[in-house]
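A.B. asks: Take a look at the following structure, please.
The values are calculated or read from the model by the stated rules, or taken from the named source; none is laboratory data. From a predicted model like this one, the values you see are computed outputs, not experimental measurements. We place every Cβ from the backbone using ideal geometry, glycine too, and count neighbours over all the protein chains shown.
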Amino acid sequence: MKQGRLGVTRLALVTVTSIICWMLGALWFLVMGLLLLPFRRQRGVQRLGQCWLRQAFSLYVGVLKQFGIVTCEYTGFEKLAQQTGGYIVAPNHPAMWDVVFLLSRLDPMTCIFKASLIRNPLFVGGAMLAGLIPNAPAIRMVKRAVEVLGSGRRMLFFPEGTRTRKLQGSLNPLQGSMALVAKHAQVPVWPVFVTTDSDYLSKGWPVWHLPRWQTHIRMRVGEPVCCGVDESVEAFNDRLRTIYLNSNA
């Protein structure tokens, strides 16, 4: 439900503030990433980078909430905090800022991200410092992801691979890479059902096209799903896709 129309002045202020936040954050992570470059593969340094990333995103989410741009309702995340060992958090992906709201709430974890983002000056420092794993080449990504999960660490993985193409349905076909990682690592997959009442930052929405209404996001953690030893990647993907599609039934 729309909760309020956003005035031009408020949009201008939040735009300027957001630009400043992202530029300062990018500079901080780039400098720290370069200083810690010789130690970037050490687990302690990567965890430190992930903690910093969570704090940075938490601050930015606070800015958005302070300006009344967005509200976010989290349900069931306490279940994740009670888990031990490696697992995958697997949200659907309706909008670009899903990752910001998720990482601001989740415990520090490794993320799979688009390889093209490593060339983006806004993200390269954070990606390098937090030990994020590029999604290409696929074989190397799967190997690294299985190693991370095998060491007891957690991972954020969008199974759609990109934002949902809403004109083609409520959920993209699930990519096989996450299912392949789950099968080889033999860890549970925790689906997160993300819904929003706005198309802001959805696939095809220009970043400069600002919303005129407050956005409400809801993120709900489902029940864990495991890929059976004898279950095929395709069968597991089909089972997981059915769970997403039935999440609002």
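A.B. asks: It is to be established whether one or more residues within segment 57-72 are assigned to a helix (DSSP H, G or I) and more than 20 Å from the chain's Cα centre (by Cα).
C.D. replies: Yes, there is a match, as at least one residue in segment 57-72 is assigned to a helix (DSSP H, G or I) and more than 20 Å from the chain's Cα centre (by Cα).
A.B. asks: Residue pairs, Cβ under 9 Å, 6 or more apart or interchain, first in segment 113-130 and without any contact (Cβ under 8 Å) to a residue 60 or more places away in the chain, second loosely packed, with under 15 Cβ neighbours inside 10 Å. List them.
C.D. replies: LYS114/ALA136; LYS114/THR162; ALA115/ALA136; ALA115/PRO137; SER116/ALA136; ALA127/ILE118; ALA127/ASN120
A.B. asks: OK, next. May I ask you to say which residue of ALA90, ALA56 is closer than 25 Å to ARG218 by Cβ, crowded, with 18+ Cβ neighbours inside 10 Å, touching a residue at least 24 places away in the same chain (Cβ under 8 Å) and out of contact with any helix residue (DSSP H, G or I) (no Cβ under 6 Å at 6 or more places or on another chain)?
C.D. replies: Exactly one of ALA90, ALA56 is closer than 25 Å to ARG218 by Cβ, crowded, with 18+ Cβ neighbours inside 10 Å, touching a residue at least 24 places away in the same chain (Cβ under 8 Å) and out of contact with any helix residue (DSSP H, G or I) (no Cβ under 6 Å at 6 or more places or on another chain), namely ALA90.
A.B. asks: Which residue, of ARG153, ARG105, ARG163, ARG119, is within 27 Å of LEU59 (Cβ to Cβ) and surrounded by fewer than 15 Cβ atoms within 10 Å (Cβ to Cβ)?
C.D. replies: ARG119
A.B. asks: Given the residues GLY68, GLY76, which is the only one that is under 16 Å from TRP97 (Cα atoms) and surrounded by fewer than 16 Cβ atoms within 10 Å (Cβ to Cβ)?
C.D. replies: On the way: GLY76 fails: under 16 Å from TRP97 (Cα atoms).
Step by step, each of GLY68, GLY76 is checked, and only GLY68 is under 16 Å from TRP97 (Cα atoms) and surrounded by fewer than 16 Cβ atoms within 10 Å (Cβ to Cβ).
A.B. asks: When VAL207 is evaluated against the numbered criteria (1) closer than 24 Å to PHE67 by Cα; (2) surrounded by 14 or more Cβ atoms within 10 Å (Cβ to Cβ), which criterion, by number, is the only one it fails?
C.D. replies: (2)
A.B. asks: OK, next. Which of the residues belonging to segment 73-100 are part of a helix (DSSP H, G or I) and farther than 26 Å from SER177 by Cα?
C.D. replies: GLU78
A.B. asks: Next question, about the same structure. Tell me the helices (runs of 4 or more DSSP H) entirely within segment 120-237 that contain at least 3 residues that are modelled with pLDDT of 90 or more, under 20 Å from ARG41 (Cβ atoms) and of a type outside the set (A, V, I, L, M).
C.D. replies: 138-150
A.B. asks: Further question: Does PHE29 satisfy the criteria of being crowded, with 18+ Cβ neighbours inside 10 Å and modelled with pLDDT under 90?
C.D. replies: yes
A.B. asks: Would segment 191-208 turn up any residue that is closer than 27 Å to ALA138 by Cα and polar (S, T, N, Q)? Steps first, please.
C.D. replies: Taking segment 191-208 and keeping what is closer than 27 Å to ALA138 by Cα, we get 191-194, 201-204.
Next cut, polar (S, T, N, Q) only: 202.
The answer is yes; a qualifying residue exists.
A.B. asks: Please verify whether segment 139-150 includes one or more residues that are within 18 Å of GLY85 (Cα to Cα), among the charged types (D, E, K, R) and in contact with a Lys or Arg (Cβ under 8 Å, 6 or more places away or on another chain).
C.D. replies: no
A.B. asks: Any residue that is in contact with a Ser or Thr (Cβ under 6 Å, 6 or more places away or on another chain) and over 21 Å from TRP22 (Cα atoms) - is there at least one of those in segment 141-148?
C.D. replies: Step one: of segment 141-148, the residues in contact with a Ser or Thr (Cβ under 6 Å, 6 or more places away or on another chain) are 148.
If we keep only those that are over 21 Å from TRP22 (Cα atoms) too, we end up with 148.
Yes: segment 141-148 contains one or more residues that are in contact with a Ser or Thr (Cβ under 6 Å, 6 or more places away or on another chain) and over 21 Å from TRP22 (Cα atoms).
A.B. asks: Considering GLY49, GLY33, which residue is farther than 30 Å from GLN186 by Cα, out of contact with any Cys (no Cβ under 7 Å at 6 or more places or on another chain) and touching a residue at least 40 places away in the same chain (Cβ under 8 Å)?
C.D. replies: Of the residues listed, the single one that is farther than 30 Å from GLN186 by Cα, out of contact with any Cys (no Cβ under 7 Å at 6 or more places or on another chain) and touching a residue at least 40 places away in the same chain (Cβ under 8 Å) is GLY33.
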